[in-house]
Ligand SMILES: [Fe+2]
């Protein structure tokens, strides 16, 4: 049973074009919509301090993605396009895989234009403008990441309709959405799914429960994931140069190797894993001696 995608722009009743893009219509947001953005922005900016890769806050600042309301995509694109050739385009929700891949390959990031209701601050089923723009767009200013995302789109188009898409989806999940990165200053959040979640931003770095394993492309391509709970395993990039170039020959090798092995359950460890322990919790203040 295939997923049902939207057919029309519900704001205008107009049929959607083949690429599923719509106008953002920035003037249509309500005062409440902007307040919701502001609330989420403050909450996440605070929790991410000292936890996220530096390039995230650099990107926010460069693109003027800030607390003062939902950004106008046109303002973002004026800076982003000049920096790395990317543009943000508005879509009504999830789009079919082939449409998504074609956008990425053309350096267009499809972002949901709508924002969650005030009663849904902690959980939404489909990505909204906060997840997509706050979570994903700042890192598109980082050249190596920008290239990786476009290469991912080309790979998706190349593997369209084949079982290899399962392997590719795992790679996206464990890097773009839920990746960690070892920075000089310590372990840092990298993936947008963690960046836009108040609870997982703390859990991913410090909770003793999940495994944290050195990034390995083939190993990731074997690893199933769960979309409805905090992750049981995170993969840790050593830096942006760890992101695979996804050239066709290299990718074919990775996919063939992953497909030749049985899939791994989320959180299952194997002998070749290089695991990392979470940073120690801050030392507790000395307690006065008991009498
Ligand atoms: Fe996402």
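The values are calculated or read from the model by the stated rules, or taken from the named source; none is laboratory data. Everything numeric in this text was worked out from a predicted model, so none of it was measured. FYI the Cβ positions are ideal-geometry reconstructions off the backbone, even for glycines, and counts take in every protein chain you see.
What the table shows:
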{"read-out": "Condition check for residue 191: away from the ligand (no atom under 16 Å from the Cβ) and under 20 Å from residue 49 (Cα atoms)", "value": "no"}
{"read-out": "Residue tally, condition in contact with a helix residue (DSSP H, G or I) (Cβ under 6 Å, 6 or more places away or on another chain) and within 17 Å of residue 112 (Cα to Cα), over segment 38-48", "value": "1"}
{"read-out": "Subset of segment 177-209 (residues that are within 29 Å of residue 253 (Cα to Cα) and surrounded by 21 or more Cβ atoms within 10 Å (Cβ to Cβ))", "value": "177, 178, 179, 180, 181, 189, 190, 191, 192, 193"}
{"read-out": "Single unsatisfied condition, residue 115 versus (1) in a helix (DSSP H, G or I); (2) within 30 Å of residue 28 (Cα to Cα)", "value": "(1)"}
{"read-out": "Qualifying residue in segment 205-221 (condition: within 15 Å of the ligand (Cβ to nearest atom) and part of a loop (DSSP other than H, G, I, E, B))", "value": "no"}
{"read-out": "Per-region count, segment 14-34, residues touching a helix residue (DSSP H, G or I) at 6+ places or on another chain (Cβ under 8 Å), in a helix (DSSP H, G or I) and touching a residue at least 60 places away in the same chain (Cβ under 8 Å)", "value": "1"}
{"read-out": "Pick from segment 121-175, criterion within 12 Å of the ligand (Cβ to nearest atom) and in a loop (DSSP other than H, G, I, E, B), ranking: surrounded by the most Cβ atoms within 10 Å (Cβ to Cβ)", "value": "128"}
{"read-out": "Residue in segment 49-58 that is outside any loop (DSSP other than H, G, I, E, B) and out of contact with any helix residue (DSSP H, G or I) (no Cβ under 8 Å at 6 or more places or on another chain) present", "value": "yes"}
{"read-out": "Among the candidates 31, 23, residue that is under 23 Å from residue 103 (Cα atoms) and at pLDDT 95 or above", "value": "23"}
{"read-out": "Filtered residue count, segment 226-262, keeping only those that are under 17 Å from residue 178 (Cβ atoms) and exposed (fewer than 12 other Cβ atoms within 10 Å of the Cβ)", "value": "4"}
